[in-house]
1. Given R₀ = 35 Å, what would the calculated FRET efficiency be for B:Glu155 paired with A:Leu39, taking r from the Cβ atoms and rounding to 0.05?
2. Round to the nearest 0.05 the FRET efficiency obtained for A:Gln194 and A:Ala18 when R0 = 56 Å and r is the Cβ-Cβ distance.
3. Along the charge dipole of chain A, which of A:Leu41, A:Ser212, A:Pro169 sits closest to the positive end, that is, farthest toward it, with unit charges on the beta carbon of Lys, Arg, Asp and Glu (+1, +1, -1, -1)?
4. Label-point separation (nm) for B:Ala84 and A:Ala209, each offset 7 Å from Cα along Cα-to-Cβ?
5. Hey, got the average number of other protein chain Cβ atoms within 10 angstrom for residues in B:187-198?
6. Before rounding to the nearest 500, sum -39500 (n - 2.57) across all DSSP H runs of length at least 4 in chain A and divide by the residue total; then give [θ] at 222 nm in deg cm²/dmol.
7. What does the C-alpha gyration tensor say about the overall shape of the protein assembly as shown? Classify as rounded when a/c is under 1.5, otherwise prolate if a/b is larger than b/c, or oblate.
8. Which of A:Pro169, A:Pro89, A:Pro193 moves the most in a Gaussian network model of chain A with Cα springs under 10 Å?
2 protein chains.
Amino acid sequence: MPTSVPTSVPTTARQSTATKGRRTREAILARAVDLACRLGLGGLTIGGLAAEVGLSKSGMYAHFGSKEALQLAVLDAAEREFTAAVITPALRAARGEPRVLALVDGWLACGRERMPGGCVFVKASTELDEQAGPVRDRLREQHLDLRRVIARIVEGGITEHQLLPDTDPDRFAGDLHAVMLGYYHAHRLLADPQAEPHARAAVAALLDAVRSTEGTRP
Amino acid sequence: MPTSVPTSVPTTARQSTATKGRRTREAILARAVDLACRLGLGGLTIGGLAAEVGLSKSGMYAHFGSKEALQLAVLDAAEREFTAAVITPALRAARGEPRVLALVDGWLACGRERMPGGCVFVKASTELDEQAGPVRDRLREQHLDLRRVIARIVEGGITEHQLLPDTDPDRFAGDLHAVMLGYYHAHRLLADPQAEPHARAAVAALLDAVRSTEGTRP
């Protein structure tokens, strides 16, 4: 089943109802992600979201069941957004260093353009860092997945002989994530006009440190 | 006037009252910082703090006047804690690279040991990043002050010919802050056992990139 809104006419009433239900849920979730960006995951309530989208509270419970289920659905929706905006385009770039730089391009754009509210993942990370439970577990798993995606991109660069064979992909992934957290902080809280050039220079320095001279040979 | 609790007996009743008031305020603020670490600055209320310390709400208003004044006082108290735990010890180390490493030692210890709750500055940065007003302004100024402190430490390293003369102190400060944000994230949310060694390796890489060979000559 496609996850985007289908353009074809459903062939049965049952499909039509299912499609409508899914579209409604997706529309609610998009608003919920925006709300969570502004208020934090903890500030997102079934009642508040119902008021925001003009539905009844009982209707919202029918869609999500509980606040915790809503928070999990918001994290999953935000992950799909991030994957579509940042990861998928990066994976279309050539393997190795171009793919690292494409990832950084998309990620910086994501931090630059997402106004107002900021990034639900950055906010939730500090909000939930010690609130044990399924929501924190999901958030942690999502970040570990992101680390693995970055590490695989780095491994591709090693395979292509662009990066040194002893490069630690997981360490590189952590270092890159740190640069992006620093960018987010400098761009949003400090409104530092050098935030983006500094982040790009920091990524270039990370790559300089692991670049193989072998890959540049003819 | 000393800012720590005086050990001598005050000589007048008026001093005694002033001292008692200051000590009460300091004790309340210490609890308020702890609460803000756990709940965020926005979650810290006059009523909640009154209940926590066992004072009346009107008594709390007498001490702080408003929620905003309380938030500002909490940021200032947290800054004094950070200065005493991290900055002041670092400034006792030899100029240049030893001072950078002492700063990192204290900062890592601060992130490692402050349990439960985490760092009020990291939490408030994402919480307030677009909530315009005096509290956000203070938080931004505190972070800019920290940047300036780090930049001055780097300048000391340049003066001592340990670091290259074209080192950009402000960029180094931003890069170092990014490493610490990455450490905080990896240590707290991910519970990554490599968080601290990776952060130390990242700082070493930052220093490697700007180290002068001149300073190592006999």
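Any read-out appearing in this document is the output of simple, stated calculations on the displayed coordinates, not a laboratory observation. Source: prediction; values computed, not measured. Here the Cβ positions follow ideal geometry from the backbone for every residue, glycine too, while neighbour counts run over all protein chains shown.
1. It comes to 0.30.
2. It comes to 0.65.
3. After comparing all options, I get A:Leu41.
4. The answer from the label model is 3.4 nm.
5. The shielding value for this peptide is 4.
6. Rounded to the nearest 500, the figure is -22500 deg cm²/dmol.
7. Cα axes put the protein assembly as shown in the oblate bin.
8. The residue that fluctuates most here is A:Pro193.
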